[in-house]
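Accompanying notes for the structure given below.
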Amino acid sequence: PAVAKGAVTNCVRFFGFGAITRTMLARLPPDQHALRPWQTMLAGGVAGSVSAVISQPIDTVKANMMGLEAARFDSSLGCLRELVRAGGVRCLFNGVGPRAARVFVEVGLQFTMFDLIGRKLDSLFL
């Protein structure tokens, strides 16, 4: 589950960030040629939050497979079946709100800092 979660979150984050920033760049005033840091933060945060929601079921399975009762599950698929049987599909999204909020800030800052540092390095070396 850890590899699957990493793959899903990164695919969603980068695709989402790219799509959001392209949309935002197309709507900029003529005198603005790049996103401002708050706009990059917003685009990264939204992409991160969406990735958190989409990958939450995988994260729930992963957490249960690593928890104190992990021995009762024979596989990731068995864990998924057991969780859904016990709590319905909805239980796979337990805790998604706080996680999405945390990831909004984390990923928003990552993309913003990457952009700002990249611009600074470009101005120094190009």
The number of residues in the range 81-123 that are within 25 Å of ALA43 (Cβ to Cβ) and either out of contact with any helix residue (DSSP H, G or I) (no Cβ under 9 Å at 6 or more places or on another chain) or among the aliphatic types (A, V, I, L, M) (or both) is 18
Selection within the range 16-62 - without any contact (Cβ under 8 Å) to a residue 12 or more places away in the chain and open to solvent by 50 Å² or more (accessible area, probe 1.4 Å): ARG22, THR23, LEU25, ALA26, ARG27, PRO29, PRO30, ASP31, HIS33, ARG36, TRP38
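Within the group PHE114, PHE104, which residue is in contact with a Ser or Thr (Cβ under 9 Å, 6 or more places away or on another chain), at pLDDT 95 or above and surrounded by 14 or more Cβ atoms within 10 Å (Cβ to Cβ)?
After applying the criteria, what remains is PHE104.
Going by what's in this entry, would GLY44 be described as assigned to a helix (DSSP H, G or I) and over 20 Å from ARG119 (Cβ atoms)?
Criteria not met by GLY44.
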Find all pairs meeting these conditions: Cβ atoms under 9 angstrom apart; at least six residues apart or on different chains; first residue within the range 107-126 and assigned to a helix (DSSP H, G or I); second residue modelled with pLDDT of 95 or more and open to solvent by 90 Å² or more (accessible area, probe 1.4 Å). THR112/TRP38
Give the range 85-126 a look and list any residue that's hydroxyl-bearing (Ser, Thr, Tyr) and touching a Gly at 6+ places or on another chain (Cβ under 9 Å), or say none. THR112
Taking the range 77-108 on its own, how many of its residues are among the small types (Gly, Ala, Ser) and farther than 30 Å from PHE17 by Cα? 4
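The values are calculated or read from the model by the stated rules, or taken from the named source; none is laboratory data. Because the structure is predicted, anything quoted here is derived from the model rather than measured. Please note: Cβ atoms are built from the backbone with ideal geometry, for glycine as well, and neighbour counts cover all protein chains shown. All accessible areas refer to the heavy atoms of the entire protein, side chains included, with ligands and DNA or RNA removed. Shrake-Rupley method; radii C 1.70, N 1.55, O 1.52, S 1.80 Å.
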